[in-house]
Amino acid sequence: MENTLTARKPLVFKTLKTKTAATAVAVVAAVALPQLFHALGAVSGLGTALGETFLPMHLPVLMIGLMAGPAAGLIAGILSPLVSFALSGMPGALMLPFITVELAGYGLISGLMAKSRLNTFLKLLIAQIAGRALRSGAVLLAVYAFGSQVAVSSIWMSIVTGLPGILLQWALLPLLMFWVEKGVRKNG
């Protein structure tokens, strides 16, 4: 019988071809989902606030790390904000390095956690804490070592603003992982 801290060994894509395809899909999703949220924000008059609140770029990066491992997660975490910026100018240039560090951390850490026996929620929580810590460290480094104009208060504000997105990740990612694992076991 499983307890709340452990679970069965999770699905991890094994072949390079599958990992590459899944990583490409994750990058596309991480670029497309924020555009959907920004479009809804434009229609509703909220602008980019929906994207900043619901963190849609985070979902595919965390998921690919959990499904395909640390290399795929790291690559998706680095490429997603860079491709999004190249195509749409979002995230803004000032925040791009910090979001890239954060997403790379999410992808890497969730990927490192993929084979652990912890349940998906705990893997996700560890990756979220690590990613936010990396972003905070990057902001502090930029401000105190390089005199960046990014406000240190942006660390706390990004957490507070993104709370609905964090809750959404807690609700959706374990469920999505369950469905994917169930489908692969059924068909594989």
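The values are calculated or read from the model by the stated rules, or taken from the named source; none is laboratory data. Please read these numbers as outputs of a predicted model, since none were measured by experiment. Cβ atoms come from the backbone with ideal geometry, glycine included; neighbour counts cover every protein chain shown. These accessible areas exclude ligands, DNA and RNA; they are computed on the full protein's heavy atoms, side chains included. Shrake-Rupley method; radii C 1.70, N 1.55, O 1.52, S 1.80 Å.
Filter the stretch 36-89 for residues that are modelled with pLDDT of 95 or more and of a type in the set (Phe, Trp, Tyr) and give the result.
Hit for the stretch 36-89 is PHE85, nothing else.
ALA72 is checked against (1) open to solvent by 20 Å² or more (accessible area, probe 1.4 Å); (2) in a helix (DSSP H, G or I) and fails just one. What number does that condition carry?
(1)
Can you tell me which residues in the stretch 144-180 are open to solvent by less than 50 Å² (accessible area, probe 1.4 Å), touching a residue at least 12 places away in the same chain (Cβ under 8 Å) and part of a loop (DSSP other than H, G, I, E, B)?
VAL150, GLY162
In the stretch 52-69, how many residues are out of contact with any Gly (no Cβ under 6 Å at 6 or more places or on another chain), in a helix (DSSP H, G or I) and either crowded, with 24+ Cβ neighbours inside 10 Å or aromatic (Phe, Trp, Tyr) (or both)?
7
Examine the stretch 34-45 for a residue that is open to solvent by 50 Å² or more (accessible area, probe 1.4 Å), within 21 Å of LEU172 (Cβ to Cβ) and either touching a helix residue (DSSP H, G or I) at 6+ places or on another chain (Cβ under 6 Å) or not in a helix (DSSP H, G or I) (or both), and state whether such a residue exists.
Within the stretch 34-45 (the criterion being open to solvent by 50 Å² or more (accessible area, probe 1.4 Å), within 21 Å of LEU172 (Cβ to Cβ) and either touching a helix residue (DSSP H, G or I) at 6+ places or on another chain (Cβ under 6 Å) or not in a helix (DSSP H, G or I) (or both)), the answer is yes, since at least one residue qualifies.
Residues checked against (1) over 27 Å from LEU96 (Cα atoms); (2) within 18 Å of the chain's Cα centre (by Cα):
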{"site": "ALA114", "(1), (2)": "no, yes"}
{"site": "LEU125", "(1), (2)": "no, yes"}
{"site": "ILE129", "(1), (2)": "no, yes"}
{"site": "ALA133", "(1), (2)": "no, yes"}
{"site": "LEU140", "(1), (2)": "no, no"}
{"site": "TYR144", "(1), (2)": "no, no"}
{"site": "GLY147", "(1), (2)": "no, no"}
{"site": "LYS182", "(1), (2)": "yes, no"}
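Can you tell me how many residues within the stretch 101-143 are under 25 Å from LEU175 (Cβ atoms), open to solvent by less than 10 Å² (accessible area, probe 1.4 Å) and among the hydrophobic types (A, V, I, L, M, F, W, C)?
Count: 4.
Taking the options ALA86, ALA130, name whichever one is in a helix (DSSP H, G or I) and under 22 Å from THR48 (Cβ atoms).
The unique qualifying residue is ALA86.
Answer yes or no as to whether VAL139 is of a type in the set (A, V, I, L, M), assigned to a helix (DSSP H, G or I), over 18 Å from PRO56 (Cα atoms) and modelled with pLDDT under 90.
When the stated conditions are applied, VAL139 does not pass them.
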